[in-house]
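Shown next, in structure tokens, is the structure this report addresses.
No value in this document is a laboratory result; all are computed from the given coordinates. Values in this document were obtained by computation on a predicted structure and should not be read as measured data. Ideal geometry is used to build each Cβ from the backbone, glycine not excepted, and the neighbour counts take in all protein chains shown.
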């Protein structure tokens, strides 16, 4: 069923000459299927089709978009074992993880299906006319969100389903009314093609225009660059490294018509250990964090890579227990030889930094491509003085910083780059006592967690997955949850427009019975 | 009362050596007061104060921010005649316009005061925990909008009150909880200082932290550049030229930490004359447009600089009447010698373009600094082939494009740059007949108007003042209306946070009785 070809709209195509294979990190062997990278012509056709499809897709009703999204979810489930097996063979992740991530993916699709079926998300706002107003009459103005246009989505290496082909970015873009062109992630091209086939089948079943979706294979950076530069592309979604995301952001900003790029990039997700809890529950939290740091071999955007505490016996105990616990955990397979190579290189670079000490690490031989966890520690002053220590090491790596005192802890937090999350471990009174720390941390993160772990990103309306740069390129949006649709839409006003010709969401009769703001009052009534 | 100094927080200061004066275009003389440009030290202090003030201001309640905003409005009104006279002496605009714009300005401030007093704008969203959920318990997550941090605002030359010192950008930023540093517009530095004094008085009266506002004089581009590059500045608001806005956008994108710039820039605001109405009401619309083109000497972002119709007798008649009517209108004073010089230069450059013909223009001598209106016409094919003809001529200039047929009209619309507005003059049936034109125009604009003029931007919730680049640098936001607050805020999640320590908007008890989304249901009840 996997062909190795691109979907250029509804058509399987392989005009290119560059080919590649995916890799099974568990067996340490290449998988068999050969993928053909999209050619310049295919990229051009995919964008042209998307641009044409947009004309129709932007007018498709919420109910029909809802059917499309639900059908994609059904089709993905219908892929059954082939999807799960392909997923595992391209990632080294477990079947349980594959099934869980598939569940998350279809849940996201169905959440957006419900959102657009109900329809109030467009934030319809109506200010009626007043011909008697002095000195000049007031005109009728009606506003709603409309889609931006074709969106290019770059999938994540670490979430082949939930943040890739039909992941959050794509689901949100479809819900918004934007055609999507996926730049397929080369590490899981087979998973990508299967999911792409599910989207294409769903598009055909629900009569969506050809070009509403394309899936382009690519093993390098060229395909993505051409897409982001293309004048008909109107927005970009990306999940991955700072280097990759910033490169796309720069290309987009330098276009003749700059376009928005929402890139969710790296983060070290600082965890602040407050003194009292370090004393009372340090041992317990150390055990929990050993699990959080090694979860999925540390391959999560929200992995806790930095733990900050005040030096002393209690922190020593925390480090000791964390160290003892973490080496008890069996190393697991990482996604790809490139990922493990980067992990080992970045770890080695970090260990070269003066003052960084290893408190626990797996040094014995492990299976090929398995990630060996490590805990390190460093003095606060050393950390402050060396920006290299602030960088993310993607994998099961964490660093405990032993601050001299609270002032130094505050200084470190103030100097952190933007983060997806920040966690406070403390007792409740300490939240008041250290309110300055909370305030400083809030300025640097998108989500703040009390007595928990940052790994685990609940898909819900209240979730913010994003944060100040470089956690994301625009902290005003989230990548997870239904509000992520806001990335792909813009407000649009109709002035004095005839009622019969207004979009259904703005008509006097309010046929969808959506919640609207009419002359300053929220109502689902008709005018 | 005007000192010519900067407000560095609450303190009047003039450490710099560079000075300048404002200019009265009606008398063609410099005004007397000498303004001292902010020095590097003053800029640095202003940003540091803003950064410190942010710590406090971000926690100030909606009720107190509301008092602050209302007090600014009161203080502005309290400036009385001095403000109106200074405004007129720095702009050449009429007293009536000054009073009208002051009304708009205080209305905006009071609209934001009401918004933050009520409080639901933070979009509080609560997903409660479920400890029994399988396979893992669901955590409690609560989200709301929080302010980005210090915002730099660049005022507009053409709106010294409504889009400058205490204009829409500033009012929205204060409402959001962001301190503001205004880069004062050199053409109306006196008006700016008076309004700044009103803001400072209001800040003192309502006990806002020192640094919540600074006003920096500047006659060149250096002050603005330093501000946008400063690491403690977190967002930028700008209203002005494409050149100026794009330069700031580029600086902000190239920072170590890129920050959002909302720049509302130029637009030619295309008007589409559909055939039937050109026949039935062409004369009437021509008269109306003669007024719209010359309103305020054409110095509006939404001035109709481009009129597109299908060639023939009816369009000829429209051009004839527009030409006859427009020269009947008395030229009025433009804002500044630089503005009129730019107008005359851009007009001259436009007239050098091959194929552009003048159908009406004021050629006789007018008072110094008065803008002489002109109507030009060009063939559709010529317009399509020459991008120079697409540029904005800021002032009382308009161009009628005579398209060969509907296909050419569509092609022209497809090739337009992003616009603030697009207007359709037609009868209702024509909206259906020419639905392709409407669809294409929608892709290029932020607001679409039926049978009206684009000048006149109602301050209301349903207004979109923005649009695809280069109308603005980010079409996902509006510069006018209460939703413009979204430019200066980001969503923020609290996970498992103790109820007592949550912001008031997210507490179980919902003390403010704001509308919230709780487990997917809109409610103003407590949990």
Requested in this report: Determine, for A:84, B:307, B:482, the number of other Cβ atoms within 10 Å of each Cβ, and report the residues in order from fewest to most.
Outcome: A:84, B:482, B:307
Report summary line: Distances in nm between the label point of residue A:382 (7 Å along Cα→Cβ) and its equivalents in the other copies, shortest first, are 7.5
Report task. Could you let me know the centre-to-centre spacing of the stretch A:242-265 and the stretch B:475-501, using Cα atoms, in angstrom? Result -> 23
Query raised in the report: For the Cα atoms of chain B, what angle does the longest principal axis make with the long axis of helix B:275-294, in degrees from 0 to 90, nearest 10?
Result: 70
Query - At 7 Å out from Cα toward Cβ: residue A:329 inter-copy label distances (nm, ascending) - result: 7.1
Query raised in the report: Based on DSSP H runs of at least 4 residues, each adding -39500 (n - 2.57), what is the mean residue ellipticity at 222 nm of chain B after dividing by all its residues, to the nearest 500 deg cm²/dmol?
Result: -12000 deg cm²/dmol
Report task. List the residue from chain B whose beta-carbon is nearest to the axis that rotates chain B onto chain A, together with that distance in whole Å. Result -> B:253, 2
Report summary line: Between the Cα axis of helix B:80-91 and the main Cα principal axis of chain B, the angle (0 to 90°, nearest 10) is 50
Report summary line: Taking a ≥ b ≥ c as the square roots of the Cα gyration tensor eigenvalues, with a/c under 1.5 meaning rounded and otherwise prolate when a/b beats b/c or oblate if not, the protein assembly as shown comes out oblate
Report summary line: Here the whole-number average of other chain Cβ atoms within 10 Å per Cβ of A:396-407 is 0
Query - Cα gyration tensor shape for the stretch A:89-168, rounded if a/c is under 1.5, else prolate or oblate - result: prolate
Query - Residues B:288, A:22, sorted so that the one with the fewest Cβ neighbours within 10 Å comes first - result: B:288, A:22
Report task. Please give the helix A:189-205 orientation as an angle from the longest Cα principal axis of chain A, in degrees from 0 to 90, rounded to the nearest 10. Result -> 20
Report task. Within a 10 angstrom radius of each residue's Cβ in B:465-475, how many Cβ atoms of other chains show up on average? Whole number is fine. Result -> 4
Report summary line: Most exposed to least, judged by fewest other Cβ atoms within 10 Å, B:121, A:488 sort to B:121, A:488
Query raised in the report: Remind me, relative contact order of chain B in percent, using alpha carbon pairs under 8 angstrom and six or more residues apart?
Result: 17
**Report entry** Shape call, chain B: gyration tensor on alpha carbons, a/c limit 1.5
**Finding:** oblate
